[in-house]
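**Student:** Below are the structure tokens for one structure; questions will follow.
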Amino acid sequence: MGKKASKPLIIAIDGPAGSGKSTVSKIVAKKLALLYIDTGAMYRALTLKAMRQGIDLEDEDVLVSLARNTKIGLEEKDKLHVLLDGEDVSLAIRTPDVTANVKHIARVPGVRHEMVALQRSIANKDGGAILEGRDIGTVVFPNADYKFYLDASPQERAKRRCKELIESGQIVNESGVKKDILMRDDSDMNRSVGALKKCDDAIFIDTTGLSIDGVTEKILSYICA
């Protein structure tokens, strides 16, 4: 491995929806025997809880209080399981309604403060972790051992998202999915805290036209050089 140190190994992988970061992060984590942390799933879990409780998603004080009093965990079995107050919500957090509303949760500074603290705590245990999201290299772990920023064309990302939705049994419209992705990009890039941004020291990988194995090999070539 490229870097050997006594401290936990932290790898940050950022990028927009559909860039391939989730799939690749899981594979790289397994190959390196590291914990995989899907930070977006953690925000989705909190969004699900807020929706279930009928909370006003514009009420920042209530959302921050909810974050402070919610237990969100990640458990690796056959795959990553997201636990919300002990309940496995791995599938429930992937519905279109949660996807549409997570931006309201993610934009709240107090919520992000709570989430970042939790993400750092989880990642610093044992031998480290691979974290994927939108602000890992810029906010959560600005001193990560390795930083990557993945992206792909909007058309490619829409196709990947459609494939995921179809495999989960949902009926999709590719043009609508592409529109949603572009709207999500705009929201992620322009929010006041934790905005989607490539940090200067991140390694950029354009995944358009690349296979999952191809992207994985590129990332491992840097880490295991």
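**Student:** Going through segment 180-203 one residue at a time, which ones are assigned to a loop (DSSP other than H, G, I, E, B) and within 18 Å of Arg112 (Cα to Cα)?
**Tutor:** If the condition is that a residue be assigned to a loop (DSSP other than H, G, I, E, B) and within 18 Å of Arg112 (Cα to Cα), then Arg191, Ser192, Val193, Gly194, Ala195, Leu196, Lys197 are the ones that fit.
**Student:** Within segment 87-130, which residues are among the acidic types (Asp, Glu) and either assigned to a helix (DSSP H, G or I) or closer than 16 Å to Asp38 by Cβ (or both)?
**Tutor:** Asp88, Asp97, Glu114
**Student:** Right, next: When residues of segment 104-117 are filtered for being buried (at least 17 other Cβ atoms within 10 Å of the Cβ) and closer than 17 Å to Lys49 by Cα, how many remain?
**Tutor:** Residues flagged as buried (at least 17 other Cβ atoms within 10 Å of the Cβ) and closer than 17 Å to Lys49 by Cα within segment 104-117 amount to 9.
**Student:** So the check is Cβ under 6 Å with 6+ separation or different chains; which pairs have a first residue in segment 69-97 that's more than 16 Å from Glu164 (Cα to Cα) and free of Cβ contacts under 8 Å to residues at least 12 places away in the same chain and a second one that's charged (D, E, K, R) and in a strand (DSSP E or B)?
**Tutor:** His81/Glu75; His81/Asp88
**Student:** So which of Asp180, Asp213 ends up being crowded, with 16+ Cβ neighbours inside 10 Å and closer than 27 Å to Leu91 by Cα?
**Tutor:** After applying the criteria, what remains is Asp180.
**Student:** Would you call Asp59 acidic (Asp, Glu) and either surrounded by 13 or more Cβ atoms within 10 Å (Cβ to Cβ) or closer than 23 Å to Leu220 by Cβ (or both)?
**Tutor:** Taking the combined requirement at face value, the residue satisfies it.
**Student:** Would you please name the residue that is modelled with the lowest pLDDT, looking only at residues in segment 17-33 that are over 27 Å from Arg68 (Cα atoms) and assigned to a loop (DSSP other than H, G, I, E, B)?
**Tutor:** The residue in question is Gly18.
**Student:** Looking only at segment 136-155, decide whether some residue is under 23 Å from Leu91 (Cα atoms), in contact (Cβ under 8 Å) with a residue 24 or more places away in the chain and not hydrophobic (A, V, I, L, M, F, W, C).
**Tutor:** no
**Student:** Looking at Lys147, is it over 30 Å from Asp61 (Cα atoms) and assigned to a helix (DSSP H, G or I)?
**Tutor:** In short, no.
**Student:** Checking the conditions here, which among Leu165, Leu220, Leu182, Leu196 is modelled with pLDDT of 95 or more and either touching a Pro at 6+ places or on another chain (Cβ under 9 Å) or closer than 25 Å to Ala33 by Cβ (or both)?
**Tutor:** Just a single option satisfies the conditions, and that option is Leu220.
**Student:** Of all residues in segment 160-179 being in contact (Cβ under 8 Å) with a residue 40 or more places away in the chain and assigned to a helix (DSSP H, G or I), which is farthest from Asp206 (Cα to Cα)?
**Tutor:** In this case the residue turns out to be Arg161.
**Student:** Looking at Ala100, Ala67, Ala33, which is the one that is on the phi > 0 side of the Ramachandran plot and out of contact with any strand residue (DSSP E or B) (no Cβ under 9 Å at 6 or more places or on another chain)?
**Tutor:** Only one candidate qualifies: Ala33.
**Student:** Quick check: is even one residue across segment 50-63 in a strand (DSSP E or B) and of a type outside the set (Asp, Glu)?
**Tutor:** Taking every residue of segment 50-63 in turn, none turns out to be in a strand (DSSP E or B) and of a type outside the set (Asp, Glu).
**Student:** If you don't mind, there's one more thing I want to ask. Give the residues of segment 169-202 that are among the small types (Gly, Ala, Ser) and either under 19 Å from the mean Cα position of the chain (by Cα) or within 20 Å of Lys103 (Cβ to Cβ) (or both), sorted by residue number.
**Tutor:** Residues satisfying the conditions are Gly176, Ser187, Ser192, Gly194, Ala195, Ala202.
The values are calculated or read from the model by the stated rules, or taken from the named source; none is laboratory data. As the structure is a prediction and not an experimental result, all values here were calculated from the model. Don't worry about glycine lacking a Cβ; one is built from the backbone with ideal geometry, like all the others, and counts go over all protein chains shown.
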